[in-house]
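S.K.: Right, I'll just put the structure down here and ask away after.
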4 protein chains.
Amino acid sequence: MTTMLLGDLRESVLDANLELQRQGLVLYTFGNASGIDRARGLVAIKPSGVPYDSLTVANLVIVDLQGNIVEGALNPSSDVATHLLLYREFPWIGGVAHTHSDFATSWAQAGVAIPCYGTTHADYFRGDVPITSSLSNEEIQTAYELNTGKAIVARFRDLDPIATPGVLVAGHGPFTWGKSAVDAAHNAVVLEYVARLAFRSRLINPAGSEVSAALQRQHYERKHGPNATYGQR
Amino acid sequence: MTTMLLGDLRESVLDANLELQRQGLVLYTFGNASGIDRARGLVAIKPSGVPYDSLTVANLVIVDLQGNIVEGALNPSSDVATHLLLYREFPWIGGVAHTHSDFATSWAQAGVAIPCYGTTHADYFRGDVPITSSLSNEEIQTAYELNTGKAIVARFRDLDPIATPGVLVAGHGPFTWGKSAVDAAHNAVVLEYVARLAFRSRLINPAGSEVSAALQRQHYERKHGPNATYGQR
Amino acid sequence: MTTMLLGDLRESVLDANLELQRQGLVLYTFGNASGIDRARGLVAIKPSGVPYDSLTVANLVIVDLQGNIVEGALNPSSDVATHLLLYREFPWIGGVAHTHSDFATSWAQAGVAIPCYGTTHADYFRGDVPITSSLSNEEIQTAYELNTGKAIVARFRDLDPIATPGVLVAGHGPFTWGKSAVDAAHNAVVLEYVARLAFRSRLINPAGSEVSAALQRQHYERKHGPNATYGQR
Amino acid sequence: MTTMLLGDLRESVLDANLELQRQGLVLYTFGNASGIDRARGLVAIKPSGVPYDSLTVANLVIVDLQGNIVEGALNPSSDVATHLLLYREFPWIGGVAHTHSDFATSWAQAGVAIPCYGTTHADYFRGDVPITSSLSNEEIQTAYELNTGKAIVARFRDLDPIATPGVLVAGHGPFTWGKSAVDAAHNAVVLEYVARLAFRSRLINPAGSEVSAALQRQHYERKHGPNATYGQR
C-alpha cells in the first residue's frame with residue numbers, strides 16, 4: 001500500500017466509519033462517513049454496500065469534488081453526491097457523516113426539528129436541530145442525492161453550519177459534519193443521544209419548552225467559545 | 001453426516017436461524033427460519049422447541065411440500081404449515097423467516113400496518129408493511145397454521161410479494177421471505193428496524209404522513225430496480 | 001459441603017436466580033427466586049441483599065414453610081413471607097420468582113393489568129396478567145410481606161394459578177411461579193417480554209383490543225394442553 | 001505515586017466514576033463523580049473532558065472546598081463548583097455524582113419531578129425526586145455552576161437531603177449524593193432505573209397516582225430505618 005494516496009485521511013475516515021458501528025448507529029451496510037483533504041481537493045469515503053467489518057484503509061474510495069473516482073476499485077457510497085455538495089458549500093468542514101440512527105431518523109421521519117430541551121443539546125447544537133423541506137418529485141427523480149444536499153444548504157441559508165453541525169433530512173435521516181471525519185462521526189453520536197432524550201422529554205411533557213436562550217448560549221460557549229472552560233487547554 | 005440430504009441448504013438455513021438470534025430477534029426457542037430446494041421440492045426448517053445454541057446442520061428437519069418428514073429425528077417447527085403454504089403460493093421465494101421480534105410484533109398486536117414513514121422502509125418494502133385480517137374461530141380451531149398462511153396469501157391478492165417481502169399476522173407477529181433463508185432473515189432484521197423507527201416517528205408526530213410515492217419509488221429502485229446504483233455491481 | 005441439605009434443589013434455585021440476572025431482569029441485589037422440596041416441606045431462597053455474582057449453592061438459605069431458618073448463615077430474602085404464603089396456598093407450585101423487571105414493573109406501577117394483545121402472551125398466560133388490589137395502611141404496617149401474598153391469593157380466588165402463572169402486585173412488581181424455580185424464572189422472563197410488547201402495542205393503538213378467546217385458547221393449548229404440538233414429545 | 005495524597009479516597013472516586021460507565025450512564029466524557037475527605041477538607045474529582053477509559057487514581061484532581069487545586073496536573077470537572085457547594089451545604093454527605101443518564105435527564109429536560117409510582121423508588125427516595133427552578137439569566141451568566149448548586153440547595157429548603165439523595169436540575173440533568181462517592185454513584189444508577197420505570201408507567205397510565213404514603217414509608221424504612229430488615233445486619 002506504499003503508493004496509496006492520502007494515508008492519514010484514510011485512517012481518519014476508517015476510524016470515523018468504525019465509530020458509527022461501535023456506537024450502534026448503523027445496521028448492516030447502512031450509513032457512511034467521509035473526510036476531505038482540502039489542499040488536494042480529494043475526498044475519502046466508504047464504499048457502497050460494504051459491511052463495516054470489511055472496511056479497511058485500502059478499500060475506501062477517493063473521489064474529487066466532482067465525484068470522479070481518483071483511486072479505488074469499488075463504487076463510493078450512493079450518498080457521495082450529498083457529501084460532495086456539503087464540502088463545496090461549507091468550505092470550513094473536514095468531514096461528513098450520514099447514518100440512519102434510531103432516534104435521529106425517527107425525528108426525521110416524523111418531520112419535526114429537534115427542540116433544544118436541555119444542556120447536552122446546547123453543548124453541541126445552537127438552537128434546534130433543523131429539518132429540511134421535503135424534495136419535490138422533480139428533485140427526487142433527477143439527481144436525487146445532489147438535491148438532498150441542496151435541501152440541506154437551503155435550510156442553512158440563515159443558520160450557521162459551524163454552530164449547528166447537523167441536520168435532519170425530512171423522511172430520510174441525519175447528516176452531521178465537523179472539522180474532520182472523526183469529528184463528524186462524534187457529532188452523529190451526540191445527535192443520536194440528543195434525539196433520544198428529546199423523544200422521551202416530549203413524551204413526558206408534550207407541552208415542555210426549550211431551555212432559555214441564555215442557558216443555550218452558556219453551554220455552547222462553555223465548550224466552544226473563546227473562553228471555553230470545558231476540558232484541558 | 002456424509003449421507004445427509006441438502007448440505008448447502010442446511011448451511012444456509014442454519015445461518016439464517018442464527019442470524020435471528022445474533023440480531024436479538026428471538027427469545028428462548030421462539031421463531032424459526034426455513035429454506036427450500038426448488039428442484040427437489042424439499043424444505044429445511046428449524047426443529048420445534050430447540051434452543052438456538054443447540055441448532056446444528058444435522059438437527060434441522062427436512063420436509064416435503066406436503067409436510068411429510070423426509071429426514072430428521074425431531075419435529076419441525078409448529079409453524080411449518082404456514083411456511084409450506086408460502087412456498088406453494090409464492091413460487092419465486094427461497095426462504096421464510098418468522099419471529100416475535102419486539103417492535104414488529106407490537107405493530108402486529110396493535111392491529112396496524114406499518115406506514116412508510118421513511119427511506120429505509122422504502123429501500124426494502126414498497127408501500128406499507130401490510131397486516132392480515134384476524135382469523136375466524138373456525139380458521140383458528142382447524143388447521144390453524146395453514147389458515148395463517150392463507151390469511152397472508154389473501155392479503156397479498158393485490159400486492160406484489162417480491163416488492164413487499166413481509167407481512168404482519170394480526171395479533172401474532174411478522175413473517176418475511178426472500179430469495180433464500182438468509183435473505184428472509186435479513187428482511188426480518190430490517191423489518192424489525194423499520195418497525196422500531198415507525199413506532200418512534202408515530203409517537204413524535206401522531207399526525208405524520210408517509211413519504212411521497214416518488215421518494216418511495218426512488219429508494220426502492222436505487223436498491224432493487226434494473227438501474228440500481230446501491231452496492232457493487 | 002457434603003452435609004448440606006437439598007443439593008439438587010439448591011442447584012435449581014441458584015440457576016433460577018442466575019437466569020434472572022442473565023436475562024437482564026434484576027439490578028444490583030434486587031429480585032429473588034426460590035424453590036420447594038414438597039416432601040420435606042423446605043424452601044431454598046436467595047439471601048437478602050447479596051449480589052447475584054456472589055450467589056453460590058452454599059449461601060442460599062433453607063427455611064421451613066413457617067419461615068424458620070433450617071440451614072444457612074444469612075438472612076433470607078426480605079420477601080420470603082410472600083414466597084411461603086404462595087407455597088402454602090398454591091400446593092402444586094415448585095418455584096417462585098420476584099423481580100422488578102423494567103416493563104412488568106411499569107405496568108404494576110401504572111396499576112393496569114396486562115391485556116392479552118397477542119399470541120406470545122397467550123402461549124404462557126390465560127387471559128390478562130392480573131393485578132392485585134392496593135394494600136390498606138393496616139396491611140402495609142403489619143406483616144407487609146405476608147399481606148402481599150394474601151393480596152395475590154385473593155386476586156386468584158376466581159382464577160387458575162396453573163393457567164396464569166404470574167401476577168402484578170400493584171405499585172410494586174411481578175411475581176411468577178411454576179413447576180420449579182427454573183420454570184418460575186422462565187415465566188418471569190416471558191412476562192417481561194410480554195409486558196414490553198404490550199407497552200408498545202398500547203402506544204401504537206390505545207384503542208387496540210385483546211385477541212379472540214379462540215386464539216388465546218388455541219395458543220395456550222398448542223403449548224400446554226393434552227394435545228400440545230409444540231416442542232419434542 | 002508514593003507521595004500522592006488521599007489514596008483511599010482516590011480509589012473510591014475512581015471506582016464511582018467507573019461504575020457510572022459500567023452501568024451505561026455516561027457517553028464519551030460526560031458526567032463526573034467526586035468524594036470528600038471531611039477531616040482534611042479535600043475533594044477528589046474527575047478531571048474535565050477525560051474519557052472514562054483513561055481515568056486513573058493518579059489523574060484525579062484534588063481541590064479544597066474553595067476550588068483551589070491542591071494536587072493534580074489537569075483541570076477538574078467543569079461542574080466542580082456545584083459539587084463543592086453541595087459539600088459545604090450538606091455537611092453529612094461524602095460523595096456526589098452527576099450524569100446525563102438517559103431517562104433521568106429526560107425528566108429534567110421535561111421540567112417534571114419524578115412521582116413515586118412504586119416501591120423501588122420508595123426504597124431509595126422519600127417522596128418524588130424533586131426538580132429545581134430554572135436559573136435566571138443573571139444566574140446563568142455569572143457563576144453558573146455555583147448557581148446550579150444554589151438552586152439545588154434552595155429546592156431542599158424544606159426537604160431532607162438524607163432521605164432524598166438526588167435531584168433533577170431543570171433542563172440539565174440529575175445530581176445524586178451519598179455517604180461516599182461509591183454510594184453517590186449507586187444512587188445515580190438507581191435514579192436512572194426509577195426514572196425509566198416512571199417514564200413507562202406514565203405512558204401506560206397518564207392518570208396513574210403515586211403509591212400511598214404508608215407504602216412509601218414502609219419500603220423506605222425496610223431499607224433505611226432503625227428497624228431495617230433488608231440485607232445482612
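S.K.: Considering only residues that are of a type outside the set (Ser, Thr, Tyr), in a strand (DSSP E or B) and within 14 Å of the chain's Cα centre (by Cα), look in region D:1-50 and name the one that is farthest from residue A:19 (Cα to Cα).
M.R.: D:36
S.K.: Please verify whether residue C:63 is open to solvent by 10 Å² or more (accessible area, probe 1.4 Å), more than 10 Å from chain D (Cβ to nearest Cβ) and not in a loop (DSSP other than H, G, I, E, B), treating the condition exactly as stated.
M.R.: no
S.K.: For region B:66-117, name all the residues that are farther than 22 Å from residue B:169 by Cα and in contact (Cβ under 8 Å) with a residue 24 or more places away in the chain.
M.R.: B:70, B:71, B:72, B:74, B:75
S.K.: Can I ask one more? Among the residues of region C:149-186 satisfying the criterion of being part of a helix (DSSP H, G or I) and open to solvent by less than 10 Å² (accessible area, probe 1.4 Å), which is nearest to the other protein chains (Cβ to nearest Cβ)?
M.R.: Among those that are part of a helix (DSSP H, G or I) and open to solvent by less than 10 Å² (accessible area, probe 1.4 Å), it is C:185.
S.K.: Take region C:203-233 and flag every residue that is open to solvent by 60 Å² or more (accessible area, probe 1.4 Å) and either in a helix (DSSP H, G or I) or under 21 Å from residue B:199 (Cα atoms) (or both).
M.R.: Result: C:206, C:207, C:209, C:210, C:213, C:217, C:221, C:224.
S.K.: Ok, one more. Check region C:47-55 and report whether any residue there is open to solvent by 20 Å² or more (accessible area, probe 1.4 Å) and facing another protein chain (nearest Cβ under 9 Å).
M.R.: The answer is yes, given that some residue of region C:47-55 is open to solvent by 20 Å² or more (accessible area, probe 1.4 Å) and facing another protein chain (nearest Cβ under 9 Å).
S.K.: Which residue pairs have Cβ atoms closer than 6 Å, lie 6 or more positions apart in sequence or on different chains, and pair a first residue in region A:145-164 that is under 18 Å from residue A:123 (Cβ atoms) with a second residue that is surrounded by 14 or more Cβ atoms within 10 Å (Cβ to Cβ) and of a type in the set (Lys, Arg)?
M.R.: Sorted first by the residue in region A:145-164, then by its partner, the pairs are A:163/A:126; A:164/A:126.
S.K.: Are any residues in region C:1-22 at pLDDT 95 or above and of a type in the set (A, V, I, L, M), and if so, which ones?
M.R.: C:9, C:13, C:14, C:16, C:18, C:20
S.K.: Next question, about the same structure. Do you know which of the residues in region C:22-39 that are away from chain D (no Cβ under 14 Å), out of contact with any Ser or Thr (no Cβ under 7 Å at 6 or more places or on another chain) and surrounded by 14 or more Cβ atoms within 10 Å (Cβ to Cβ) is farthest from residue C:103 (Cα to Cα)?
M.R.: Result: C:37.
S.K.: May I ask you to list the residues in region B:197-210 that are within 7 Å of chain A (Cβ to nearest Cβ) and within 24 Å of the chain's Cα centre (by Cα)?
M.R.: Result: B:197, B:200, B:201.
S.K.: Which members of region A:1-21 meet the condition of being open to solvent by less than 20 Å² (accessible area, probe 1.4 Å) and among the small types (Gly, Ala, Ser)?
M.R.: Correct list: A:16 only.
S.K.: Looking only at region B:117-137, which residues are farther than 22 Å from residue B:179 by Cβ, out of contact with any His (no Cβ under 8 Å at 6 or more places or on another chain) and within 9 Å of another protein chain (Cβ to nearest Cβ)?
M.R.: B:117, B:134, B:135, B:136, B:137
The values are calculated or read from the model by the stated rules, or taken from the named source; none is laboratory data. All values reported here derive from a predicted model rather than from experimental measurement. Ideal geometry is used to build each Cβ from the backbone, glycine not excepted, and the neighbour counts take in all protein chains shown. Ligands, DNA and RNA are excluded from the accessible area calculation, which covers all protein heavy atoms including side chains. Shrake-Rupley method; radii C 1.70, N 1.55, O 1.52, S 1.80 Å.
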